[in-house]
Amino acid sequence: MFSLAFRSVRQRPGRFVGTLLAAFLGATVTMTFNSMHDTAGAAGVDDRSAESLTLAAGVVGGYGTLLVFFAIASTLTVNVRQREEEMGLLRRTGATPAQIKRMIVGESVLVALAATVLAIGPAMLGGRALFDMFQDTDQVAADVDFAFGPIALSAGFGITLIAAAGAAYLAVRRATRTAAGAAGAGEPRGRLRNVGGGLALVTGLGGAATTFVFESTDPALMAPAAYGAILLSIGLAAFSPALLRMLLRRVGRPIGALGAGGYLAVLNTRQRAAELAGVLMPLVLFIGVATATVYMQAVESDAIEASGLAKSVDDKNLETMNLIVVGVIVGFACIMLINSLYAATSYRSREFGGQRLAGATPRQVLGMVVTEGLLLTVTGVVLGTAAGLAGLVPFNMVRTDTVWPEQSPLVWLGIVATAAAATMVTGWATARRALRTPAVVAVTKAA
């Protein structure tokens, strides 16, 4: 089946663009930060420089591993779901579930391998830029030279290929069960998501509560609050389908009364709530992590400035780590959001065609997509803000002895505006492109 996977990728490369982009960015980030391990391990590097470089590689490298898996998994899940009809046809013509799994896993590994090779050059440039930033802030001695070596390469290829294979296996396992008509095919996945979400919520609340154990000047004060916000974002995203349905019970009737577009949006969102979790997860993660981390760093910087003390090397190191972590996570989450929403909306070409043949106008279909985007945005903003505040408020209480941070809400508004723009523009532009296909062609063409 590996030869079939190669032919599949060669014949339909456009289908794998999302996976290629996710794997490329993941490999770039992984190799960029693991190159700090290569640099720290070179001969003649002093202990202070090695500590700063190793900390950057370890912290962001750990986050990067999870983000690579989630980014690839989000695109592969939608990609595999779009191919359920194809997999059903393969099953009916004699292919076994194991053969289909090997084919799709092989496709994913091939795409991830190509993406990692393409990422080597950008990773070297990114590693050099990151290293220069450390030197510019006096966290690394001026006589230390940048190195890009075996640790970066092995981490890039190993993590990306394993993440691609694992994500593809999990995605196709459920799809083949559905194609084979297995009863309750979605139940194990739902139970697993609920258990994982519950563990993330409990661990996140524990992490945020642990903040009160630290002193206000403890260098590690921000860590439990930030980890708590991240885990709470993941946990709330896991339960987002139920929370989205709860929102629809309250606002569904007024939205449905706005017209055909609103009615269709409420109906489709209610039916597709579980599928939309793949879009809500990066949206909630984007808002929650950005809100918590950016405001925590602002609170910390203002507290140091108010004390009249200059920032130490440890303070600069911590600030750099926070900015890098939030940049990596938020950037990945935004890309995951756009990829997932683009794939999910483009997949609905046949649905849009059927609605138009049933009497809906293109404007009503676009109105439906825009309304769905608004519902997703509101849900994501509420859940993400709640997760961010759950980490930010304990940190602010310990650091400043006040409950509410004094920083401007304009930063939060900017985060929300960015998330809303990514959601609305991607959904609208993709739907508008899908509507260019004649309705009859859209309904009859192969999925």
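Quick notes on this one:
- Two-site label geometry, Leu357 and Val195: point separation in nm, points 7 Å out along Cα→Cβ: 4.3 nm
- Relative to the longest principal axis of the Cα atoms of the chain, the long axis of helix 313-346 lies at roughly 0 degrees.
- Sorted by Cβ neighbour density within 10 Å, fewest at the top, the residues Trp428, Trp404, Trp412: Trp404, Trp428, Trp412
- Added length on full extension, which subtracts the Cα-Cα distance from 0.36 nm per residue, Asp302 to Thr96: 68.0 nm
- Rounded to whole Å, sorted largest first: equivalent-ellipsoid semi-axes of the chain, Cα gyration tensor: 40, 29, 18
- Counting every other Cβ atom within 10 Å of each residue's Cβ, Thr377, Thr116 order from fewest to most as Thr377, Thr116.
- Computed 3J(HN,Hα) for the range 29-42, one whole-Hz value per residue from the Karplus formula 6.51 cos²θ - 1.76 cosθ + 1.60 where θ = phi - 60°, is 5, 4, 6, 4, 7, 6, 5, 5, 5, 4, 5, 5, x, 6, glycine and proline marked x.
- Surface/4 estimate of mean projected area, convex hull on alpha-carbon atoms of the range 343-403, nm²: 5.7 nm²
- Inter-label distance, Leu113 to Ala242: 4.3 nm, where each label sits 7 Å from its Cα along the C-beta direction.
- Relative to the longest principal axis of the Cα atoms of the chain, the long axis of helix 2-11 makes an angle of roughly 80 degrees.
- Rg/Rh for the range 186-447, where both radii come from Cα atoms and Rh is the Kirkwood radius: 1.06
- Highest-first arrangement of 260-268, 139-147, 27-35, where packing means the average Cβ count within 10 Å: 27-35, 260-268, 139-147
- Here the 3J(HN,Hα) profile of the range 228-236, calculated from phi with Karplus coefficients 6.51, -1.76 and 1.60 at θ = phi - 60°, is x, 5, 5, 5, 5, 4, 5, x, 5 Hz, Gly and Pro shown as x.
- C-alpha long axis of helix 47-82 to longest principal axis of the chain, angle in °: 10 degrees
- Residue order for Arg92, Arg363, fewest other beta carbons within 10 angstrom first, comes to Arg92, Arg363.
- Over the chain, dividing the summed -39,500 (n - 2.57) contributions of all DSSP H runs of at least 4 residues by the number of residues returns a 222 nm mean residue ellipticity of -29000 deg cm²/dmol.
- ³J(HN,Hα) computed for each position of the range 100-113 - Karplus, 6.51 cos²θ - 1.76 cosθ + 1.60, integer Hz, glycine/proline x: 5, 4, 5, 5, 6, 4, x, 4, 5, 5, 4, 5, 5, 5
Every number in this text was worked out from the coordinates using simple rules, so none of it is lab data. Worth saying up front: this structure is predicted, and the values here are computed from it rather than measured. Heads up, the Cβs are rebuilt from the backbone with ideal geometry, glycines too, and the neighbour counts pull from every protein chain shown.
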